[in-house]
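Single-structure report; data block below.
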Amino acid sequence: SQQGEEDPQALSIQEGENATMNCSYKTSINNLQWYRQNSGRGLVHLILIRSNEREKHSGRLRVTLDTSKKSSSLLITASRAADTASYFCATDATNFGNEKLTFGTGTRLTIIP
Amino acid sequence: GAGVSQSPSNKVTEKGKDVELRCDPISGHTALYWYRQRLGQGLEFLIYFQGNSAPDKSGLPSDRFSAERTGESVSTLTIQRTQQEDSAVYLCASSKLGRGAGANVLTFGAGSRLTVL
């Protein structure tokens, strides 16, 4: 079963607008990560936020984490056509000795030029 | 190597045949994962290797699926008696940090696309 679920499942916006995607998860976590996938192939790591952090920035990316609500959001500012991809959140549970990453269902983002 | 290498990149097989998919992780990465991704879907965890510890096989969907890894090197995912529902992209990923070491930042291979006719 999926640990995380992203919403919306699909999002289309105009180039230059901001895109926000959300991720909810079920169990306590050590860290939450966001990945991007182009063309249905390998995923690329974007950013990691630890369970004791609330917000993190990397370039045009801003991630927030609310452990009380078990949710995270990924904001992409000033979107570009190249940002078109699927975005996944991934979590590793706090169970000792079992830190495998479990991925959410993904948000398919389309940037309209 | 510089990245995670998977082979073959594409495999078309007939129902009932066995297939082997190979993954070469980044040198020094102690953790290795296999995921399955059906068309338009998310990633489905299959198996997780961490050094010499027993692998976490909890995601393998049936006994037709098996995987091996020798030490911290190459891994092979084997699917016996393939079925049409096995058609998917099989993704391998490796990471520098594994069990008990905190964050696992994964580097993915490009995947092996399996089509079962």
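The values are calculated or read from the model by the stated rules, or taken from the named source; none is laboratory data. Keep in mind the model is a prediction, meaning the values are calculated, not measured. Every residue, glycine as well, gets a Cβ built from its backbone with ideal geometry; the counts of neighbours run over all protein chains shown. These area figures cover heavy atoms from the full protein model, side chains too; ligands, DNA and RNA do not enter into them. Shrake-Rupley method; radii C 1.70, N 1.55, O 1.52, S 1.80 Å.
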Item to check | Where A:K26 falls short, out of the listed (1) open to solvent by less than 40 Å² (accessible area, probe 1.4 Å); (2) at negative phi | outcome: (1)
Item to check | Pair list, Cβ < 6 Å and 6+ apart or interchain, from the range A:41-53 residues that are under 18 Å from A:G106 (Cα atoms) and within 10 Å of chain B (Cβ to nearest Cβ) to residues that are open to solvent by less than 20 Å² (accessible area, probe 1.4 Å) and outside any strand (DSSP E or B) | outcome: A:R41/B:G111; A:G42/B:G109; A:G42/B:G111; A:L48/B:A103
Checklist outcome for this item: Per the filter on the range A:17-63, residues within 15 Å of B:G42 (Cβ to Cβ) and either in contact with a Gly (Cβ under 8 Å, 6 or more places away or on another chain) or not in a strand (DSSP E or B) (or both) are A:C23, A:S24, A:Y25, A:K26, A:Q37, A:G40, A:R41, A:G42
Item to check | Residue among B:F49, B:F45 that alone is within 14 Å of another protein chain (Cβ to nearest Cβ), more than 20 Å from A:F88 (Cβ to Cβ) and among the aromatic types (F, W, Y) | outcome: B:F49
Checklist entry - Take the residues of the range B:1-28 that are β-branched (V, I, T) and in a loop (DSSP other than H, G, I, E, B): which is farthest from the other protein chains (Cβ to nearest Cβ)? => result B:I26
Checklist outcome for this item: Going through the range B:47-81 in order, the residues found to be free of Cβ contacts under 8 Å to residues at least 12 places away in the same chain and of a type in the set (D, E, K, R) are B:D56, B:K57, B:D63, B:E68
Checklist entry - For the range B:29-54, which residues satisfy the criterion of being open to solvent by 50 Å² or more (accessible area, probe 1.4 Å) and either assigned to a loop (DSSP other than H, G, I, E, B) or at pLDDT below 90 (or both)? => result B:R38, B:L39, B:G40, B:Q41, B:N52, B:S53, B:A54
Checklist entry - Is at least one residue of the range A:5-12 over 12 Å from the mean Cα position of the chain (by Cα), within 11 Å of chain B (Cβ to nearest Cβ) and in a strand (DSSP E or B)? => result yes
Next on the checklist: Of everything in the range A:21-40, what is under 18 Å from A:R108 (Cβ atoms) and either modelled with pLDDT of 90 or more or at the interface with chain B (Cβ under 7 Å from one of its Cβ atoms) (or both)? Give them in sequence order.
Outcome noted: A:M21, A:N22, A:C23, A:S24, A:W34, A:Y35, A:R36, A:Q37, A:N38, A:G40
Item to check | Residue that is among the small types (G, A, S), surrounded by fewer than 18 Cβ atoms within 10 Å (Cβ to Cβ) and part of a loop (DSSP other than H, G, I, E, B), where the choices are B:S58, B:S66 | outcome: B:S58
Next on the checklist: Residues to consider are B:V105, B:V19, B:V4; find the one that is surrounded by fewer than 18 Cβ atoms within 10 Å (Cβ to Cβ) and aliphatic (A, V, I, L, M).
Outcome noted: B:V105
